[in-house]
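The values are calculated or read from the model by the stated rules, or taken from the named source; none is laboratory data. Note that the structure is a prediction, hence the values are computed from the model and not measured. When we count neighbours, we look across all protein chains shown, and the Cβ atoms used for this are built from the backbone with ideal geometry, even at glycine. In case anyone asks, the SASA skips ligands and DNA or RNA and just uses the protein heavy atoms, side chains included. Shrake-Rupley method; radii C 1.70, N 1.55, O 1.52, S 1.80 Å.
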Amino acid sequence: MRSRTNLLNLLMGADPKMRRMLNYWAATCALYAVCLALMFTQVANGSADRDAGRWLCAVAVSSIVAGYALIRASAALRIAPAYSTMLQSLMAIFCTVAFYTVTGPIRGACLMILLVVIVFCTFSLRPRQTMALCATAIAALGAAIVWLVAHDPLRYPFRIEALHFAIASATLLAVTLLTGEMSKLRSRLKQQKEELLSAVATIRTLATIDELTSLANRRHMNQVLSAEERRQPTPGEKLCIALLDIDFFKRVNDCYGHAGGDIVLCTFAGAARAELRAGDVLARWGGEEFLLMLPNTDLAEASLVLRRMAERVGAMRVPELDVSLRITFSAGVVERAGEEAFADTIMRADKAMYQAKSTGRNQAIAA
């Protein structure tokens, strides 16, 4: 199984875009094979020239090999997919028109191959590029028909050839216009998909991040705690929970309004976030309250983290409101007891926090 995968990667590459282009190339190979089989049937019946058939077969096989090489080397040579598709399409148009000139009575059927070439272009080319290919196909077919009528009017009557040209031209134009509309529709759908993915990413962010402070919100913190509760801790593993409340926040709102309160919350969040370690999670729990989870941390270490956080927060100033305004917080920190439910751990931290507020504020009490 592994050798098969390695062989597939060697032939088709590992890039999904390249594999998709090579799948189109494989479909083109199948179409070429059917056309060549029909041509050699006409050669066997005497309706087509043998030497011309061999020459056309050599050209077709060479174009197939060159198309494969072009696709495989497109990344290394930095060839755009549209340019590669354009070259292969031009070669396919040339082979199809040449096929028309040598296949005798069934030549009208091969004109449908030109339609297939145009349809294939829908996936890689812009509408203007597809229209240019259509014009090239019509011009090449017209030149071939003029040459056939001029050199062998008995086998190629003007009325029949004119009818072939008119039907082929009208059909090619119609298909090109339709594929152009399909290409525009695909572009719009792609743009809508990108906008939808962007909107989903924004919604996901809003669902987990507090919009004001850019910290985790309560919903996300509950998810983190639930995941931690389901996890089987290793023996001796410690985890602490701290509940923080900004001191005299109501006074800030009364003096500076809710806009001032928002500035204080953002200033606090920025300073507190700077003291977080890898793995620590700080969330806005509600209003001016914040919940801090400290994994792999005992009570003494958690107290040190809160002390550093208090020093940094206390050193911050709020020039937008008052340079002399000093932000402090009261906190309660507890160590989770074994596999205790986090609701109980948070309740103990909440009691410790209220003890800190009732005994002077601007302190962290470890319960």
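Given 4 °C and 1.567 mPa s, compute D for the stretch 281-367 with the Stokes-Einstein relation, Rh being the Kirkwood radius over Cα pairs; round to the nearest whole µm²/s.
Using the Kirkwood radius from Cα pairs, D works out to 94 µm²/s.
I need to check one value: relative contact order of the stretch 128-276, counting alpha carbon pairs closer than 8 Å and at least 6 residues apart, in percent.
17 percent
Can you give me the span-like helices of the chain, meaning DSSP H runs with 30 Å or more of Cα extent along the axis and Kyte-Doolittle mean at or above 0.5?
16-45, 50-72, 81-102, 127-151
Regarding the stretch 70-130, what are the three Cα extents along the principal axes, ordered largest first, in Å?
Rounded to whole Å, the extents work out to 44, 23, 14 Å.
Across the stretch 201-276, how large is the tail of the calculated P(r) beyond 18 Å, expressed as a percent of all Cα pairs?
57 percent
Along the Cα→Cβ direction, 7 angstrom out, place labels at Phe40 and Glu301. What is the inter-label distance in nm?
Once both label points are built, they end up 7.6 nm from each other.
So for each of 239-249, 294-304 I average, over its residues, the number of other beta carbons within 10 Å; can you give me the resulting order with the highest mean first?
239-249, 294-304
Using only the alpha carbons, work out the radius of gyration and Dmax of the chain in angstrom.
37.1, 113
Hey, what did the stretch 241-367 get for relative contact order, percent, Cα under 8 Å, at least 6 apart?
Here the relative contact order equals 32 percent.
Could you work out how much longer the chain between Val61 and Tyr24 gets when fully extended? Use 0.36 nm per residue separation minus the Cα distance between them, nm to one decimal.
Separation in residues times 0.36 nm, less the Cα-Cα distance, equals 11.7 nm.
Work out, step by step, the length gained on full extension between Ala227 and Ala207: first 0.36 nm times the residue separation, then minus their alpha carbon distance; give nm to one decimal.
5.5 nm
Mark the label point 7 Å from the Cα of Arg126 along Cα→Cβ and return the residues of the stretch 68-82 whose backbone N is within less than 19 Å of it.
Answer for this model: 79-82.
Which FRET efficiency value, to the nearest 0.05, is calculated for Glu311 and Thr234 with the Förster distance at 51 angstrom and r the Cβ-Cβ distance?
The formula returns an efficiency of 0.95 here.
For the stretch 108-214, what are the per-bin percents of Cα-Cα distances with bins 10 Å wide, up to the bin holding the maximum?
Here the calculated profile for the stretch 108-214 is 13, 30, 19, 13, 10, 7, 5, 3, 0.
So what does Phe99 come to for accessible area, using a 1.4 Å probe and Å² rounded to 10?
10 Å²
Using only protein heavy atoms and a 1.4 Å probe, report how much of Arg72 is accessible, in Å² to the nearest 10.
Spelled out: Arg72, probe radius 1.4 Å, area about 80 Å².
Under a straight-distance cross-link criterion of Cα-Cα below 17 Å, which aspartates and glutamates are reachable from Lys238, leaving out those fewer than 8 residues away in the same chain?
Glu228, Glu229, Asp280, Asp298, Glu301, Glu335, Glu339, Glu340, Asp344
Return a whole-number percent for the relative contact order of the chain, with Cα pairs under 8 Å and 6 or more residues apart as the contact set.
Relative contact order of the chain: 11 percent.
Would you mind pulling out the separation of the Cα centroids of the stretch 92-143 and the stretch 299-360, in Å?
76 Å
Considering only protein heavy atoms, what per residue accessible area in square angstrom results for the chain with a 1.4 angstrom probe?
That works out to 56 Å² for each residue.
Taking every alpha carbon pair in the stretch 84-166, what does the distance histogram look like in 10 angstrom bins from 0, in percent?
18, 50, 24, 8, 0
For the stretch 1-155, what does the convex hull of the Cα positions come to per residue, in cubic angstrom?
In the stretch 1-155, the Cα convex hull volume per residue is 121 Å³.
Cross-link candidates for Lys357: which aspartates and glutamates have Cα within less than 19 Å, leaving aside residues fewer than 8 places away along the same chain?
Those aspartates and glutamates meeting the cut-off are Asp245, Asp247, Glu288, Glu289, Glu311.
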